[in-house]
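The values are calculated or read from the model by the stated rules, or taken from the named source; none is laboratory data. Computed from a prediction, not measured in an experiment: that's the story for all the values here. All Cβ positions, even for glycine, are placed from backbone atoms using ideal geometry, and neighbour counts span all protein chains on display. Protein only, heavy atoms only, side chains kept; ligands, DNA and RNA dropped before computing areas. Shrake-Rupley method; radii C 1.70, N 1.55, O 1.52, S 1.80 Å.
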Amino acid sequence: MMYRVCRLSLAALLLGSGAAYADGSTLTVAYYGGNWGEAFDACVAQPFTEKTGIRVVAEIGNSTTTLAKLQQQSGDAVIDVAYMDGGISELAHEAGVLAPIDLAAIPNAATYLPQAVYKAGDEVFAVSAGYYSLGLIHNTSEVTETPDSWLALWDESYAGAVALPSPSNSSGVPFVLFLARSVLGDTSESLDQTFAKLKELDTGLLFDSSGAASNAFQSSEVIIGAHFNVGAWDLTDGGLPIGFSVPKEGVWATDARMHVVKGTKNPEGAAQYLDMAASPEAAACLAERLYLGPPVTGVTLTPDVERKLPWGEGGSVEKLHLSDWTEVNARRAAIVERWNREIAN
């Protein structure tokens with residue numbers, strides 16, 4: 001009898017859980033962990049719940065993990081809204097796991113920057129949650145003048161103390177293409193000039209993760225190199241002698257994006273969530289917490305936060321070199337193979 005009661009109780013719980021999803025009282029949102037997840041929770045999820053009464057169930061994971069979950073759940077979606085980075089976003093669209101986003105159902109969509117709306121044909125498959133960049137950072141105690149060009153990395157005085165992202169980092173492959181086109185003027189398919197230049201560079205770290213880059217700058221293992229504006233300013237805010245700059249050639253950048261999952265059981269709640277995320281209050285909150293560049297207009301920020309955004313003081317999204325991820329993904333295998341053969345060894 002006890003077994004039967006327990007079995008019935010478990011069934012009731014499962015049915016109750018399913019009913020909660022079906023009646024729209026919850027919304028499952030996949031986003032990143034750590035300080036990013038904390039920021040999305042504080043800036044978007046909590047205000048969304050306060051306004052709508054819909055409880056957000058967080059599904060924590062990185063972009064590739066989230067895409068794998070969406071593919072596993074195809075036909076019976078559990079996740080309703082998914083944050084994924086540029087590049088993975090395009091792969092998710094190609095995989096057929098995303099629903100078209102109806103901008104008419106999102107009042108705040110009228111304030112999106114043109115670059116913040118991602119389309120395939122006439123369908124919107126993603127909208128931006130905010131931009132971040134890979135800028136040039138330096139230890140101000142060791143590098144006393146702020147570098148104004150990426151070519152400063154090849155200065156002999158920095159030999160053995162330069163940091164660059166490896167292809168294992170999400171920025172690695174697109175950064176090679178950025179260096180080729182925007183810094184070296186190499187528009188060739190072969191990228192021979194770019195790889196020859198990279199082979200001349202005496203690096204101290206080819207980092208797979210942004211955490212590894214932060215640790216290397218913190219320990220002074222490296223004193224100059226590429227790093228994300230989010231991580232660089234986190235070091236500065238922690239009292240370390242770190243400077244971040246946008247060189248004259250510009251910076252490579254991408255964004256975190258939001259997607260509505262195909263088969264969501266709460267499409268209205270998903271639209272309401274995206275509307276909250278596109279509010280000036282949410283954008284300002286994310287800029288203050290993560291230094292994400294707002295994807296919407298009408299955001300008021302302090303001068304100190306403004307200068308820490310991905311485009312630098314006085315800049316805008318126009319100053320960012322945003323990747324064509326379809327091209328990046330198509331060229332990824334060849335670039336990774338050549339990097340491993342010529343640079344990593």
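Whether any residue in the range 239-257 is under 19 Å from Thr52 (Cα atoms) and more than 16 Å from the chain's Cα centre (by Cα) is what I want to check.
no
Which of the residues that make up the range 207-216 are crowded, with 20+ Cβ neighbours inside 10 Å and of a type outside the set (S, T, N, Q)?
Those that are crowded, with 20+ Cβ neighbours inside 10 Å and of a type outside the set (S, T, N, Q): Phe207, Ala213.
Looking only at the range 172-196, count every residue that is assigned to a helix (DSSP H, G or I), more than 12 Å from Ser323 (Cβ to Cβ) and open to solvent by 10 Å² or more (accessible area, probe 1.4 Å) and tell me the total.
Qualifying residue count for the region: 4.
Read through the list (1) out of contact with any Pro (no Cβ under 9 Å at 6 or more places or on another chain); (2) buried (at least 22 other Cβ atoms within 10 Å of the Cβ), then give the number of the only condition that Pro114 fails.
(2)
Condition first: out of contact with any strand residue (DSSP E or B) (no Cβ under 8 Å at 6 or more places or on another chain), of a type in the set (A, V, I, L, M) and farther than 30 Å from Pro280 by Cβ. Can you find one or more residues in the range 129-144 that meet it?
No - not one qualifying residue is present in the range 129-144.
Spot the failing condition for Lys199; the list is (1) among the basic types (Lys, Arg); (2) outside any strand (DSSP E or B); (3) free of Cβ contacts under 8 Å to residues at least 60 places away in the same chain, and only one is missed.
Every condition holds for Lys199 apart from (3).
Name the residues in the range 307-335 that are under 13 Å from Tyr131 (Cα atoms) and outside any loop (DSSP other than H, G, I, E, B), would you?
Within the range 307-335, Val317, Glu318, Lys319, Leu320, His321, Leu322 qualify.
Cβ-Cβ under 6 Å, sequence separation 6+ or interchain: first residue in the range 275-299 and more than 15 Å from Ala39 (Cα to Cα), partner open to solvent by less than 30 Å² (accessible area, probe 1.4 Å) and in a helix (DSSP H, G or I). Which pairs?
Going by the 6 Å Cβ cut-off, the qualifying pairs are Pro295/Ala116; Val296/Ala283; Val299/Ala283; Val299/Ala284.
Condition first: open to solvent by 60 Å² or more (accessible area, probe 1.4 Å) and at pLDDT 95 or above. Can you find one or more residues in the range 80-88 that meet it?
Within the range 80-88, not a single residue is open to solvent by 60 Å² or more (accessible area, probe 1.4 Å) and at pLDDT 95 or above.
Can you tell me which residues in the range 112-141 are of a type outside the set (S, T, N, Q) and not in a strand (DSSP E or B)?
Of everything in the range 112-141, those that are of a type outside the set (S, T, N, Q) and not in a strand (DSSP E or B) turn out to be Leu113, Pro114, Ala116, Gly121, Asp122.
Criterion first (under 17 Å from Tyr273 (Cβ atoms), in a helix (DSSP H, G or I), of a type outside the set (S, T, N, Q) and open to solvent by 60 Å² or more (accessible area, probe 1.4 Å)) does Ala109 satisfy it?
Taking the combined requirement at face value, the residue does not satisfy it.
Can you tell me which residue among Glu288, Glu306 is in contact with a Gly (Cβ under 9 Å, 6 or more places away or on another chain) and more than 30 Å from Lys199 (Cβ to Cβ)?
After applying the criteria, what remains is Glu306.
Tally the residues that are open to solvent by 30 Å² or more (accessible area, probe 1.4 Å), without any contact (Cβ under 8 Å) to a residue 40 or more places away in the chain and among the small types (Gly, Ala, Ser), restricting the search to the range 217-245.
Number satisfying all stated conditions: 3.
Pick from the range 249-303 the residues that are among the acidic types (Asp, Glu) and touching a Phe, Trp or Tyr at 6+ places or on another chain (Cβ under 8 Å): which of them is least open to solvent (accessible area, probe 1.4 Å)?
Residue satisfying both the conditions and the ranking: Asp255.
Only one of Ala104, Ala120, Ala95 is within 22 Å of Gln272 (Cα to Cα) and assigned by TED's automatic domain parsing to the domain that holds Tyr32; which?
Within the list Ala104, Ala120, Ala95, the selection yields Ala104.
I'd like to verify a number: residues in the range 55-78 that are closer than 25 Å to Glu288 by Cα and over 18 Å from the mean Cα position of the chain (by Cα), how many?
Qualifying residue count, the range 55-78: 3.
Residue check, Thr144 against (1) touching a residue at least 24 places away in the same chain (Cβ under 8 Å); (2) of a type in the set (S, T, N, Q); (3) open to solvent by 20 Å² or more (accessible area, probe 1.4 Å), all met but one. Which one?
(1)
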